[in-house]
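Notes for the one structure printed next.
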Amino acid sequence: MAHLYDFSAGDGSNRDLLGGKGAGLAEMTQLGLPVPPGFTITTDVCRYYMQHGSAPDGLREEVEEAVGRLEQATARTFGAGPVPILLSVRSGAKFSMPGMMDTVLNIGLNDETAKGMASLTGDERFVYDAYRRLVQMFGSVVLEMDDEIFEHPLDDYKQAKGY
């Protein structure tokens, strides 16, 4: 059983399997709209995790292969190099519902890739703000940390600098 589908492999009729967002991205890709390459982990994986408390066997390898395809398609590298690829993780059931997991953006930014992105964009402030947001989103969404842990130091810094 496949645990994930590239956007180019699904379509809008697969809402049960791909969730609303995944099916929508697949449908837009099928229509030829300019959607960056990506993949959707199936809702079956979520159900499996909820039932067993762990990911199904083979998921990690499928994700690594899918990321490899993204690297090849974009000529970018995940988590390394001067031309990094950044990923976003978004949850999506068949129908969007309040209380679902929030989005985590800029996955793949780290000290090395931030330097590469700063060089590519010419905007170091933008890149390090994106990096800060990744750390804050990961802490809040994945680790369930209180947002205030991140907000107070930022507010203190801005106040000290007169921003």
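Send over a whole-number figure in Å² for the accessible area per residue of the chain, probe 1.4 Å.
Working: 10650 Å² over 163 residues.
That works out to 65 Å² for each residue.
List the aspartates and glutamates whose alpha-carbon lies under 19 Å from that of Lys94, not counting same-chain residues fewer than 8 positions away?
Answer for Lys94, where 19 Å is the Cα cut-off: Asp6, Asp11, Asp16, Glu27, Asp44, Asp102, listed by chain and number.
State the percentage of accessible surface on the chain attributable to carbon and sulfur atoms; use a 1.4 Å probe and exclude ligands, DNA and RNA.
Accessible surface attributable to carbon and sulfur in the chain totals 55 percent.
What are the semi-axes of the equivalent ellipsoid of the chain, taken as the square roots of 5 times the eigenvalues of the Cα gyration tensor, listed largest first and rounded to whole Å?
On the way: eigenvalues 182, 88, 45 Å².
Taking √(5λ) for each Cα gyration eigenvalue gives 30, 21, 15 Å.
Take the eigenvalues of the Cα gyration tensor for region 19-110, scale each by 5, and report the square roots as semi-axes in whole Å, largest first.
They are 23, 18, 13 Å, listed largest first.
Could you sort 153-159, 81-87 so that the peptide with the highest average Cβ count within 10 Å comes first and the rest follow in order? It would help to have the intermediate numbers written out before the result.
Numbers: 153-159: 10.4, 81-87: 16.9.
Averaged packing, sorted descending, gives the order 81-87, 153-159.
Can you list the lysines whose alpha carbon sits under 26 Å from that of Lys158, skipping same-chain ones fewer than 8 residues off?
Once the sequence-local lysines are set aside, what remains near Lys158 is Lys115.
Along the Cα-to-Cβ line of Asp11, 7 Å from the Cα, sits a label point; which residues in region 26-63 have backbone N less than 12 Å from it?
Counting backbone N atoms under 12 Å from the label point, the list is 27-28, 30-31.
Given R₀ = 41 Å, FRET efficiency for Met1-Ala118 by Cβ-Cβ distance, to 0.05? Display every interim value, and only then the final one.
On the way: r = 41 Å, r/R0 = 1.01.
So, using R0 = 41 Å, E works out to roughly 0.50.
The values are calculated or read from the model by the stated rules, or taken from the named source; none is laboratory data. What you see is a predicted model, and the numbers here were worked out from it, not measured in a lab. Ideal geometry is used to build each Cβ from the backbone, glycine not excepted, and the neighbour counts take in all protein chains shown. Keep in mind that these areas ignore ligands, DNA and RNA; they rest on the heavy atoms of the full protein, side chains included. Shrake-Rupley method; radii C 1.70, N 1.55, O 1.52, S 1.80 Å.
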